[in-house]
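Structure record follows, encoded as C-alpha cells.
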Amino acid sequence: MKLLVTGGAGFIGSAVVRRAIADGHAVVNLDALTYAACLDNVASVADHPDYTFVEADIRDRAALDAVFAAHEPDAVMHLAAESHVDRSIDGPGDFIETNITGTFNMLEAARKYWLGQGRPTAFRFHHISTDEVYGSLPADPAVRFTEETAYDPRSPYSASKASSDHLVRAWHETYGLPVVLTNCSNNYGPYHFPEKLIPVIILNALAGKPLPIYGDGSNVRDWLYVEDHAEALLLVVTRGAVGRTYNIGGENERTNLELVKTLCAILDAKRPRGDGASYAEQITFVTDRPGHDARYAIDPTRIREELGWRPSVTVEEGLEKTVTWYLDNETWWRALQSRDGVGQRLGVRA
C-alpha cells in the first residue's frame with residue numbers, strides 16, 4: 001500500500017513513517033517543516049526506495065493537488081497539525097489555519113483525487129485526532145472516554161481538532177469519502193519534541209533546572225507509547241471499518257506528579273546527580289494552565305475487540321525506554337533547544 005502521511009517529520013508522524021516502511025508500505029511524507037518538525041526523525045528510512053519526502057503545507061491547496069496527482073496514494077494518514085496546548089493559548093490563529101483550514105484542504109484534495117480515480121472502494125482518508133476533544137473527566141476511574149462520548153473541547157487546540165473531526169465525518173456523510181478516524185491519549189517516546197511534559201522533565205533534570213508541574217500535579221493523563229500508537233494507526237488504516245472511529249489509549253493513567261516522580265526515579269538510577277540527591281528535589285509547582293482539564297482516560301474496547309490491538313508496554317516500561325533514548329541521543333535534542341519558544345513557559349494568558 002502507498003500511504004500519503006502528512007506531518008511525517010513530526011513526533012507521531014515520524015513514528016508512523018518508520019513503522020510503515022518496516023511493515024512493507026511505500027510512504028510519501030508530506031511536511032511543511034515548521035518549528036516542531038525534524039527530518040532527523042526519519043533519517044533511518046530516508047534512503048529507502050519506498051520512501052519519498054515532499055515539503056509542502058496543508059494550507060496550500062494547489063500543492064496538495066500536485067502531490068496527489070504525482071504520487072497516487074492508496075490511503076491518506078493525516079497527522080499534520082499544530083498540537084501544543086500552551087501555544088494555542090498564546091496564538092490560536094495558527095491552530096485554526098492549520099488544523100481546520102488545512103484539514104479542509106486535505107479533504108477537498110483527497111475527494112478530487114478519489115473521484116478522479118473512479119471512487120476506489122479501497123481508498124481511505126485516515127484522520128488522526130486527540131482525546132482532548134472530549135473535554136475533562138471526573139475522578140471516577142470507571143468513567144472513561146468512548147467513541148460515543150460527546151465533544152466538549154476546552155482549549156483552542158482541542159476546539160480546532162474537534163472542528164477537524166467534524167469536517168472529516170461531514171465529508172464522509174455528504175460526499176461518501178471513505179474515512180476512518182482515531183482519537184488517542186497522550187503520546188510519549190523517542191523523538192518527542194522538547195516542549196512537552198516528559199522531555200521537559202528529562203532535559204530540565206539533566207540541566208539541574210526546576211521540574212515544573214502545573215497546579216498541584218493532580219491532573220490525570222492516559223499515557224500511550226508512540227511506537228504502540230503507530231502500530232495501532234496502521235491497523236486502523238488497513239483494517240478499520242469505513243466511517244468508524246477508534247479510540248486508542250495506553251491503559252496507563254497517572255497523575256502528572258506520579259509521572260514526574262517516576263521519571264526522577266529512572267534518572268536517579270540511570271544518570272545519578274553528582275551530589276547524590278534525587279532529581280525529585282527539583283520538582284517545582286507552578287501556576288496552572290488556563291482551562292487545564294482534570295482527567296483524560298480512554299476506553300479502548302472497540303479497537304481491542306475489532307482489530308486485536310493492545311499497548312505493548314506499561315508506562316513505567318515505556319518511560320524507561322524513553323529516558324534511555326534521550327540519554328543516548330543528546331545531539332538530537334540539543335539541536336532543537338534553540339527553536340522558538342522551547343524552554344519558555346507558554347500559555348499563561350487567561
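The values are calculated or read from the model by the stated rules, or taken from the named source; none is laboratory data. As the structure is a computational prediction, the values presented were derived from the model and not from experiment. Reconstructed Cβ throughout: ideal geometry from the backbone, glycine too, with neighbour counts over all protein chains shown.
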Criterion: at pLDDT below 95 and either part of a loop (DSSP other than H, G, I, E, B) or not basic (K, R) (or both) - qualifying residue of P194, P190: P194
Per-region count, segment 277-330, residues among the charged types (D, E, K, R) and over 28 Å from V236 (Cα atoms): 5
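Residue-by-condition table, conditions (1) at pLDDT 95 or above; (2) outside any helix (DSSP H, G or I); (3) under 20 Å from T130 (Cα atoms):
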position: V27; (1), (2), (3): yes, yes, no
position: D40; (1), (2), (3): yes, no, no
position: D47; (1), (2), (3): yes, yes, no
position: I58; (1), (2), (3): yes, yes, yes
position: A69; (1), (2), (3): yes, no, no
position: M77; (1), (2), (3): yes, yes, yes
position: A80; (1), (2), (3): yes, yes, yes
Any chance D288 is of a type in the set (D, E) and modelled with pLDDT of 95 or more: no
Of all residues making up segment 238-253, the number that are among the aliphatic types (A, V, I, L, M) and within 16 Å of the chain's Cα centre (by Cα): 1
Conditions (1) among the aliphatic types (A, V, I, L, M); (2) more than 19 Å from the chain's Cα centre (by Cα); (3) surrounded by 16 or more Cβ atoms within 10 Å (Cβ to Cβ); number of the one not met by I58: (2)
N247 in contact (Cβ under 8 Å) with a residue 40 or more places away in the chain, touching an Asp or Glu at 6+ places or on another chain (Cβ under 6 Å), buried (at least 22 other Cβ atoms within 10 Å of the Cβ) and not hydrophobic (A, V, I, L, M, F, W, C): yes
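Can we say L181 is crowded, with 22+ Cβ neighbours inside 10 Å, more than 15 Å from the chain's Cα centre (by Cα) and either modelled with pLDDT of 95 or more or among the small types (G, A, S) (or both)?
It is false that L181 is crowded, with 22+ Cβ neighbours inside 10 Å, more than 15 Å from the chain's Cα centre (by Cα) and either modelled with pLDDT of 95 or more or among the small types (G, A, S) (or both).
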Hits in segment 148-181 (condition: within 18 Å of N99 (Cα to Cα), in a helix (DSSP H, G or I) and among the hydroxyl-bearing types (S, T, Y)): Y157, S158, S160, S163, S164
